[in-house]
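Notes follow once the structure below has been shown.
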Amino acid sequence: MTRRETRGVTGPETFKVFGHPLRMRLYRALHLSRTGTASQLADQVGETVSLVSYHLRKLADHGLIDEAEGQGDGRERWWKLASEDPALRAASFSREYLAPLTAAQLAELSREMHDLVRKYEIAGRAAEEAGDTEGRERVALHTYGFPFRV
């Protein structure tokens with residue numbers, strides 16, 4: 001197996017790695033900047049370069065980020081979000097919205113999102129049961145909504 005084949009979301013361990021608050025911040029920072037070094041990312045998240053380097057390596061070990069080749073002058077390691085098959089990358093998404101909502105609006109949004117995801121889940125299962133499995137992949141979809149203060 002190649003290194004790429006042994007990496008990726010393989011179970012609860014990967015979610016545990018990604019669930020670390022600093023790693024989530026680093027992942028989001030890379031999502032916004034597309035590429036970055038440990039030094040640049042450390043500045044963005046307000047942590048030491050050595051700590052950020054450690055957490056970047058953990059994200060890379062689980063296939064969540066990759067080295068960005070051809071960046072910089074070779075003295076620092078550049079990182080990017082993990083590369084994927086172009087067809088899957090086009091179909092995948094990652095979004096973050098920061099909406100000013102009331103408790104009632106957040107509850108309504110939660111219900112509407114549940115209904116929408118459930119619609120696709122039911123359709124996908126029905127298609128599978130009918131034998132339509134061509135190009136069909138299991139998709140992990142995680143949503144969360146909570147109040148926060150900056």
(request) Go through the stretch 105-132 and give me each residue that's part of a loop (DSSP other than H, G, I, E, B) and either in contact with a Lys or Arg (Cβ under 7 Å, 6 or more places away or on another chain) or surrounded by 10 or more Cβ atoms within 10 Å (Cβ to Cβ) (or both). (result) 132
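Scan the stretch 77-99 and tell me whether some residue there is part of a helix (DSSP H, G or I) and modelled with pLDDT of 80 or more. Spell out the reasoning first.
Residues of the stretch 77-99 part of a helix (DSSP H, G or I): 86-91.
Filter again for modelled with pLDDT of 80 or more, leaving none.
The answer is no, given that none of the residues of the stretch 77-99 is part of a helix (DSSP H, G or I) and modelled with pLDDT of 80 or more.
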(message) Exactly one of these conditions fails for residue 141: (1) hydrophobic (A, V, I, L, M, F, W, C); (2) at pLDDT 90 or above; (3) closer than 28 Å to residue 36 by Cα. Give me its number.
(response) (2)
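The values are calculated or read from the model by the stated rules, or taken from the named source; none is laboratory data. Since the model is a prediction, treat every value here as computed from it, not as a measurement. Backbone-built Cβ (ideal geometry, glycine too); neighbour counts: all protein chains shown.
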